[in-house]
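Shown next, in structure tokens, is the structure this report addresses.
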């Protein structure tokens with residue numbers, strides 16, 4: 001069983017990660033906006049670059065959303081007293097694995113299968 005102090009440390013890291021994700025999303029918002037067709041200001045190749053940048057910004061946003069779901073789920077597990085236990089088999093997750101990624105939900109055995 002994990003100590004209360006250790007859990008609190010992981011909770012602090014998870015909350016800080018949520019802040020980082022929110023900041024990244026705020027920065028990426030401009031890149032996801034619709035690319036306007038203005039032939040005077042933007043040539044065809046520049047428009048293609050803008051569309052590619054938009055697609056990359058949207059993909060990054062989807063990745064951030066997935067990471068945010070994982071972090072929020074870990075915070076719920078802390079609140080419910082289930083943090084540090086595998087969501088599949090219920091066994092303890094190795095502390096080194098949690099230290100590497102505090103949002104991890106599966107033990108190494110279940111993650112590999």
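Before we move on, is residue 39 loosely packed, with under 13 Cβ neighbours inside 10 Å, at pLDDT below 85 and more than 22 Å from the chain's Cα centre (by Cα)?
Considered against the rule, which asks whether it is loosely packed, with under 13 Cβ neighbours inside 10 Å, at pLDDT below 85 and more than 22 Å from the chain's Cα centre (by Cα), residue 39 comes out as yes.
Quick check on residue 23: is it under 21 Å from the mean Cα position of the chain (by Cα) and modelled with pLDDT under 95?
Yes, satisfied.
Within the group 56, 48, 1, which residue is touching a strand residue (DSSP E or B) at 6+ places or on another chain (Cβ under 9 Å) and modelled with pLDDT under 95?
Exactly one of 56, 48, 1 is touching a strand residue (DSSP E or B) at 6+ places or on another chain (Cβ under 9 Å) and modelled with pLDDT under 95, namely 1.
The values are calculated or read from the model by the stated rules, or taken from the named source; none is laboratory data. Predicted, not measured: the structure shown is a model, and the values here were computed from it. Cβ: placed from backbone, ideal geometry, glycine included. Neighbour counts: every protein chain shown.
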